[in-house]
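S.K.: Please read through the structure below; I'll follow up with questions.
The values are calculated or read from the model by the stated rules, or taken from the named source; none is laboratory data. None of the values given here were measured: they were computed from a predicted structure. Cβ atoms come from the backbone with ideal geometry, glycine included; neighbour counts cover every protein chain shown.
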Amino acid sequence: MKFSNIVQKIEPEQSSLVAAADRDPEISGMAAVQEASAGTLSYVEGAKFAKYIETTAASALILPTDSALQAAAEQRGLAWLSARDPRLAFARAIALFYQPFQPPPGIHPSAVIHPTTQLGQQVSIGAHVVIQADVRIGDRVCIHPNVVIYPEAQIGARTILHANCAIHERAQIGADCVIHSGAAIGSEGFGFVPTAEGWEKMHQSGRTVLEDGVEVGCNTAIDRPAVGETWVGRNSKIDNLVHVGHGCQIGEAVVMAGQVGLAGGVTLGRRVILAGQVGLANQTEMGEGAIATSKTGVHGRVAAGEIVSGMPALAHQDYLKYSALRRRLPELLQSLRQIQKQLGLKK
Amino acid sequence: MKFSNIVQKIEPEQSSLVAAADRDPEISGMAAVQEASAGTLSYVEGAKFAKYIETTAASALILPTDSALQAAAEQRGLAWLSARDPRLAFARAIALFYQPFQPPPGIHPSAVIHPTTQLGQQVSIGAHVVIQADVRIGDRVCIHPNVVIYPEAQIGARTILHANCAIHERAQIGADCVIHSGAAIGSEGFGFVPTAEGWEKMHQSGRTVLEDGVEVGCNTAIDRPAVGETWVGRNSKIDNLVHVGHGCQIGEAVVMAGQVGLAGGVTLGRRVILAGQVGLANQTEMGEGAIATSKTGVHGRVAAGEIVSGMPALAHQDYLKYSALRRRLPELLQSLRQIQKQLGLKK
Amino acid sequence: MKFSNIVQKIEPEQSSLVAAADRDPEISGMAAVQEASAGTLSYVEGAKFAKYIETTAASALILPTDSALQAAAEQRGLAWLSARDPRLAFARAIALFYQPFQPPPGIHPSAVIHPTTQLGQQVSIGAHVVIQADVRIGDRVCIHPNVVIYPEAQIGARTILHANCAIHERAQIGADCVIHSGAAIGSEGFGFVPTAEGWEKMHQSGRTVLEDGVEVGCNTAIDRPAVGETWVGRNSKIDNLVHVGHGCQIGEAVVMAGQVGLAGGVTLGRRVILAGQVGLANQTEMGEGAIATSKTGVHGRVAAGEIVSGMPALAHQDYLKYSALRRRLPELLQSLRQIQKQLGLKK
């Protein structure tokens, strides 16, 4: 595909500028800037990566609106494109070259589908899939092999269920969701009441609801509660190996990175971001846009927009100061001893 | 179901008191107190949740033996029940309304069962289950679809194996256990010996044993050891995404919350509690009733009944003091500098 | 098997010494030293475990080259063998007794194998396995039941894929690898670009490559990147429930213990060791032989051979000092207050 064609599709308002530059290489694929070869299109996100413009073998670059970077590309005679969000432009360019694997509509004869199942149009159901009673499957849903769907679950239109995932009883998954391999949605919450004999089970009679556009990573589990619903808002993205406990209420466009863990009854506002291995205690609340940096342990309340770090969590600025001073504790103690000696407080 | 009927079943000794109150609403289901609607039964665990009594739409409440809370319910004209353990009473009331999904006995024709398998009475074996040689399955065991059982495993009576879990060679699972979706029981321990060339495998010839009444969460893995057994005692409850390394010896009624990790050879006494994301190093020992709070990293020995927190773990009281003082480190350092100046120790 | 036979096979240069001792018990199996019974062979790794020599019921011991330990074994009349690496000798002795379960070659009739699949010699393909288009399977590969392989994946000779794992599109797995139950190889990286509406997906058009001799634990996920490759070097060993993000470059003979998490674009040199629950931030680099102790959180660069600990990571020596002093913070503060009073700086 000609570079000019790509520009036309991903940043059309830049077409005339690119045409003026009179460099229009044939682009055969996309690559990271430091690994690119001739014929590929790459991107540079900001000045931090300027050095790669000097050495990249890419034939064309997506650049930010930064005249120094653009001058560097000019000097090397590379085709380039100015984008307000180079990463987004790169993502859109990848989509021109890459067609994700998706099995065609059809139902594999080895799938075991309960006769009460309501199937939408053009669904794709892979080999060895099992669908229990009273399940509803929307149009163009794609269910990869060996998925198991428990009774009364609902799967919205165009949603993709990857291999070996398990959708539990009564779970409701919206449209345009992606559930990755091995994930468990609507599994039984961890509910036990201590008794003299040990632990008595509290049945988890609720269900898990994912709104439209939610993604759930490999081997992640989103439990259902004793009563009511565990809820994940529209467009939220959850990475691999995350644990979402029973009764959590997750807002829209929330992001959870790998191995995040939420105990029960956590409430997260819109656009909360939880970095890798963050843990949230029972009943934690985080307001809209709040952020927990990686490995942070949070309990109680975090206000909207606040950034917290550490275990237990501090305001991020306090955490940075504290982290910098930690290693000076021995020196601090020594200074103190010296003063105490001088003042005759200790020998 | 009439409220008086529920009381009769879950707290019969309260029946006469409830009858005297002469309020007997029809209860159609259970709900959390802040989400309840008319016709539901809810519970309040203690004074902390008193405010919900003012506003709940529930028709009846399970309350603790707390006269202030009971008076508040009276004032609103709600039916209520006094329980020593309101959460336990709530759990028992849920069980009156909720029948967990369980497939009926029978063997799906697509299951692949080795002819040497010993099958108990009234087992339920789902579609696409695979059972290898010399496996023993107890009475009324329920195996959900796509489970794989390796050779020589034993599954005790009434145990439930959820979708896509894998029971490995020689594993022995007791009666009344629940293994949730995607869990791996008796998988190969992580045993490698460093050599000049890299890492040489130490075969894991042992097995994993779960006693009766053990629950294992989604995608949790409980490895088997090189020799001997990994052991989980009666009635222990393990949440999602937990890692139990080879050779661990877990006592009775132990609780591990989500994403806990145990390295090899850990020993836990009865009723130990590990909160979310706790990590235990190789050969850690924790005595009966010891507790590690969330995200704690433990090595060495923790005495019976002790509570530990932090990384590396401190006694919980020390941890609380240290956590409170962390953010004062910058101020502390500044004070010290000031003193040093005054004493002429530094400029 | 006679003890002398075992010695002949695992440490032949010790045979004459053992013969001279004239103690040659029949050995029926292997055991841990503190659990051993008569007729078993066990090992003692070093002086720390000397006490077990006094009490073990094992009939023979593998000992380090430590004359005190050897004298203790002599005194009890035990057969023993001196090994430079007792643990390695023990591993090799286990291999004499233990034959891991491996299904014989053959293809189960319930497996669904795309006609374009290239199958090597003597492969074993279990029940309900699904193999999509254009997959290549090497000689003697063993695929356990319910595994799903997406299109264009390659599996090298003698590699073992355990139950319920998912090998995603284009993944390339070398020879002599072991992928444990429920693992996901080459799954879609977590790539989203923030937009005003929420998060836009960046397609993950790359692939995951595992070189020869790699092991991947249960329910671990190794994602593929947007462009290029996620790479795991020869002989690296990855434990259960590990998350390897898109685009990581892992060197040879790297070890990752349970629940380690790598964000995107991490680079690890040869023989890096990551202990349990370690987390590495985006773009972290660790040089050859560097070590992160358990629960450490690393970002930036760690030099070859360095040991780091804590969150955020410090040099291990600094971490030990800091950890020891943490609990003295209250005392430190008190001393400071006393000094300030004495100097008239505070009341």
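Let's see how each residue does on (1) in a loop (DSSP other than H, G, I, E, B); (2) farther than 27 Å from C:V242 by Cα; (3) β-branched (V, I, T):
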{"position": "C:F90", "(1), (2), (3)": "no, yes, no"}
{"position": "C:I94", "(1), (2), (3)": "no, yes, yes"}
{"position": "C:Q102", "(1), (2), (3)": "yes, no, no"}
{"position": "C:A133", "(1), (2), (3)": "yes, yes, no"}
{"position": "C:N146", "(1), (2), (3)": "yes, no, no"}
{"position": "C:N164", "(1), (2), (3)": "yes, no, no"}
{"position": "C:R170", "(1), (2), (3)": "yes, no, no"}
{"position": "C:S181", "(1), (2), (3)": "yes, no, no"}
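S.K.: Next question, about the same structure. When you look at B:S187, is it in the same structural domain as B:Q249 (by TED's automatic domain parsing), part of a loop (DSSP other than H, G, I, E, B) and among the polar types (S, T, N, Q), yes or no?
M.R.: For B:S187, the condition - in the same structural domain as B:Q249 (by TED's automatic domain parsing), part of a loop (DSSP other than H, G, I, E, B) and among the polar types (S, T, N, Q) - is not met.
For (1) without any contact (Cβ under 8 Å) to a residue 60 or more places away in the chain; (2) surrounded by fewer than 16 Cβ atoms within 10 Å (Cβ to Cβ), each residue gets a yes or a no:
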{"residue": "A:Q34", "(1), (2)": "yes, yes"}
{"residue": "A:G39", "(1), (2)": "yes, yes"}
{"residue": "A:Y43", "(1), (2)": "yes, no"}
{"residue": "A:G46", "(1), (2)": "yes, yes"}
{"residue": "A:Q70", "(1), (2)": "yes, no"}
{"residue": "A:D85", "(1), (2)": "yes, no"}
{"residue": "A:A89", "(1), (2)": "no, no"}
{"residue": "A:A93", "(1), (2)": "no, no"}
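S.K.: If you don't mind, another one. Got a sec? Which of B:V112, B:V123 is without any contact (Cβ under 8 Å) to a residue 24 or more places away in the chain and within 13 Å of chain A (Cβ to nearest Cβ)?
M.R.: After applying the criteria, what remains is B:V112.
S.K.: Taking into account only those residues within the range C:82-117 that are of a type in the set (D, E, K, R) and out of contact with any helix residue (DSSP H, G or I) (no Cβ under 8 Å at 6 or more places or on another chain), which is nearest to C:A32 (Cα to Cα)?
M.R.: Among them, the one singled out is C:R87.
S.K.: Sort out which residues of the range B:277-296 are of a type outside the set (A, V, I, L, M) and either outside any loop (DSSP other than H, G, I, E, B) or more than 19 Å from C:G258 (Cα to Cα) (or both), and write them in order of number.
M.R.: Matches in the range B:277-296: B:G279, B:E285, B:G287, B:E288, B:G289, B:T293.
S.K.: Right, another one. Which of the residues spanning the range A:308-320 are buried (at least 18 other Cβ atoms within 10 Å of the Cβ) and farther than 21 Å from B:D318 by Cβ?
M.R.: If the condition is that a residue be buried (at least 18 other Cβ atoms within 10 Å of the Cβ) and farther than 21 Å from B:D318 by Cβ, then A:V308, A:S309 are the ones that fit.
S.K.: Same structure again: Need pairs with beta-carbon distance below 6 Å; first residue under 12 Å from B:V214 (Cα atoms) and within the range B:169-180, second acidic (D, E); sequence gap 6+ or separate chains.
M.R.: Hits for this filter: B:G174/B:E211; B:G174/B:D212; B:A175/B:D212; B:D176/B:D212; B:V178/B:E215.
S.K.: Being more than 14 Å from chain A (Cβ to nearest Cβ) and surrounded by fewer than 24 Cβ atoms within 10 Å (Cβ to Cβ) is the filter here, so list the residues in the range B:154-177 that pass it.
M.R.: B:Q154, B:G156, B:A157, B:E169, B:R170, B:Q172, B:A175
S.K.: Let me ask something additional. Does the range B:8-28 include one or more residues that are within 30 Å of B:V141 (Cβ to Cβ), surrounded by 19 or more Cβ atoms within 10 Å (Cβ to Cβ) and in contact (Cβ under 8 Å) with a residue 40 or more places away in the chain?
M.R.: Checked against the condition, which is being within 30 Å of B:V141 (Cβ to Cβ), surrounded by 19 or more Cβ atoms within 10 Å (Cβ to Cβ) and in contact (Cβ under 8 Å) with a residue 40 or more places away in the chain, the range B:8-28 yields at least one hit.
S.K.: Here is a list of conditions, (1) more than 7 Å from chain B (Cβ to nearest Cβ); (2) modelled with pLDDT under 95, and A:G198 meets all of them except one; can you say which number that is?
M.R.: Of the numbered conditions (1) more than 7 Å from chain B (Cβ to nearest Cβ); (2) modelled with pLDDT under 95, the odd one out for A:G198 is (1).
S.K.: How many residues does the range B:127-153 hold that are touching a residue at least 24 places away in the same chain (Cβ under 8 Å) and either more than 13 Å from every other protein chain (Cβ to nearest Cβ) or of a type in the set (G, A, S) (or both)?
M.R.: 3
S.K.: Across the range A:76-88, which residue is nearest to A:V141 (Cα to Cα) among those that are outside any loop (DSSP other than H, G, I, E, B) and more than 7 Å from chain C (Cβ to nearest Cβ)?
M.R.: So the residue we want is A:P86.
S.K.: Can you name the residue in the range C:48-68 that is among the charged types (D, E, K, R) and in contact (Cβ under 8 Å) with a residue 12 or more places away in the chain and is also farthest from B:G206 (Cα to Cα) among such residues?
M.R.: So, considering only residues that are among the charged types (D, E, K, R) and in contact (Cβ under 8 Å) with a residue 12 or more places away in the chain, the one farthest from B:G206 (Cα to Cα) is C:D66.
S.K.: For the range C:297-320: of the residues being farther than 23 Å from A:V260 by Cβ and of a type in the set (A, V, I, L, M), which is nearest to the other protein chains (Cβ to nearest Cβ)?
M.R.: Ranking the qualifying residues of the range C:297-320, first place goes to C:L314.
S.K.: Name the one entry in B:H114, B:H128 that is surrounded by fewer than 18 Cβ atoms within 10 Å (Cβ to Cβ), in the same structural domain as B:H168 (by TED's automatic domain parsing) and either β-branched (V, I, T) or over 23 Å from A:S205 (Cβ atoms) (or both).
M.R.: None of the others qualify; the one that does is B:H114.
S.K.: Just give me the residues in the range A:219-258 being at the interface with chain B (Cβ under 9 Å from one of its Cβ atoms) and in a loop (DSSP other than H, G, I, E, B), in sequence order.
M.R.: A:N219, A:T220, A:P225, A:A226, A:V227, A:G228, A:L241, A:V242, A:G245, A:G247
S.K.: Between C:S323, C:S294, which is under 22 Å from the mean Cα position of the chain (by Cα), facing chain B (nearest Cβ under 9 Å) and buried (at least 18 other Cβ atoms within 10 Å of the Cβ)?
M.R.: C:S294
S.K.: Also, quick follow-up: In the range A:23-33, what count of residues is obtained for those that are more than 18 Å from A:Q75 (Cα to Cα) and more than 9 Å from chain C (Cβ to nearest Cβ)?
M.R.: Selection size over the range A:23-33: 3.
S.K.: Turning to a different aspect of this structure: Scanning for something more than 23 Å from C:G217 (Cα to Cα), at the interface with chain B (Cβ under 10 Å from one of its Cβ atoms) and assigned to a helix (DSSP H, G or I), does the range C:60-68 turn up at least one residue?
M.R.: Checked the range C:60-68: no residue is more than 23 Å from C:G217 (Cα to Cα), at the interface with chain B (Cβ under 10 Å from one of its Cβ atoms) and assigned to a helix (DSSP H, G or I).
S.K.: Quickly run through the range B:178-200 and pick out the residues that are under 21 Å from the mean Cα position of the chain (by Cα) and surrounded by fewer than 24 Cβ atoms within 10 Å (Cβ to Cβ).
M.R.: Correct list: B:V178 only.
S.K.: Continuing with the same structure: Is it the case, given these coordinates, that B:L78 is in contact with a Leu (Cβ under 6 Å, 6 or more places away or on another chain) and touching a residue at least 24 places away in the same chain (Cβ under 8 Å)?
M.R.: yes
S.K.: Tell me yes or no: at least one residue of the range A:326-338 is in contact with a Lys or Arg (Cβ under 6 Å, 6 or more places away or on another chain), within 12 Å of another protein chain (Cβ to nearest Cβ) and modelled with pLDDT of 90 or more.
M.R.: no
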